[in-house]
Amino acid sequence: MGAVTVTIAAEHPALAGHFPGAPILPGVLLLDEMVCAVEQDRSHAGTCWRISAAKFVKPVRPGETLILEHEPLPNGSIRFSISSAGQPVAHGVLVPANKLAEASAAPRASGAQWAGAPERGSASLLRIMIFLALRCGRPVAHRILHVIAAYFFAFAPGARRSAREYLRRVLGREPSATDRYRQVFAFASTILDRLYLVRERFGLFEISTEGEELMHDLVARGSGAFLLGAHLGSFEIMSALGRRRAGLRVAMAMYEHNASRVAAFFKAANPASVPEIIALGHLEAMLRIRDCLDQGKFVGMLADRTIADAPAQIVNFLGRAALFPSGPMRAAAVLRRPVIFMTGLYRGGNRYHVVFRQIADFSQPAPAGREAAVRDAIAHYVELLQAYCRSDPYNWFNFYDFWHGADARAEAAPRAGA
């Protein structure tokens, strides 16, 4: 039998909405601590666990010291119990969700994982949340968001394991429950705020910028540019900046099959505010991108995820080899346009910090040749992405095994060239 002692601080962010004035530790937080304790036990290494059954016996106040115990059962599941000061708090059963060994069998699985992962949540819940957000306002919706975030915090074991791996690397230590919840809640907050941005309620937000003068210069030139973001913070906050600068028009290039159900609901809320979409994977996509650039528009792309067997470059990211798509940078090189790194970092409350940094300018000759320029530009993109991950670590929203498979490819590359 394994046992772990845990004390959760009174300032944990989940307590803010559960409940104001009379905080009680959310049950999902207890379950998450239990799952983490089991997954960190060496005898269960390599296995991801999910809740099969759970019963809560008594409420827990912030600051109480909890004893988390677990023991294996003959059928491969785990019985657990949680107690405080000798009194039972909760008990239940965990069952294996998947095996790390199974995940490692498929090369380039990182792309398959995010592209093929089913979306969580129900349409009815989304409709209710959108109704409450628009009717009650952002402060009330933000409090309700704690309940939704806590649910996914506890009941998404695969995402939880991948997020923990990222946080270990970016923080340089074992992430606490607070760290992991802050990341989930930041993600939920940007999704909620996307609704208000689509409805053009820009006055709800306090936005600071870095490098906005670079965008002003590019708008004045009128030759268009590529705007490369990542699943880091909010790309949609660009719409608020567009209101502050005439002529700042953005067309988004993306794979249509990745458009989420959430995005579809927001599009229905205000179709006029949805940006122009260029569907990748079609023969005419490059022509449409070129036409948008010729009209002085910015073409936005998220350049941190690989898909299928599309060309990718291996780059060290947070201390380990990772695959980054080379297609966006190659398109910029072919069309001879500048490339700008962009991210909208969520910093709590209603505050966002929007960053623009130049990555490369392919309109200028490349002394070492186009291929070398593309490689250098991708490496620079990853350097910037890594820097802002470290400055705002809870804004990373890739909840899958981002590094999967890249180490083997990196090791094979020198042998192939030998």
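A few comments on the model shown:
- The range 343-352 - phi-based ³J(HN,Hα) in whole Hz, Karplus 6.51/-1.76/1.60, Gly and Pro as x: 8, x, 7, 7, 10, x, x, 10, 9, 10
- Kirkwood Rh, Cα atoms: Rg over Rh of the range 168-236: 1.08
- For S176, net neighbour charge (Lys/Arg +1, Asp/Glu -1) across residues whose Cβ lies under 12 Å away: 0
- Amide hydrogen proximity for F317: with H placed 1.01 Å from N in the peptide plane, the residues at 5 or more positions away or on another chain lying under 5 Å are A322.
- You can think of it this way: the chain between F155 and K55 has 34.5 nm of extra reach, that is 0.36 nm per residue less the Cα-Cα gap.
- Separation of alpha-carbon centers, the range 291-323 and the range 139-192, rounded to whole Å: 25
- Estimated distance in nm for a label pair at A279 and Q40, the labels positioned 7 Å out from Cα along Cα-to-Cβ: 4.8
A short reminder: the numbers here are calculations on the coordinates, not readings from a lab. Just so it is clear, the structure is predicted and the values come from calculations on it, not from any experiment. Heads up, the Cβs are rebuilt from the backbone with ideal geometry, glycines too, and the neighbour counts pull from every protein chain shown.
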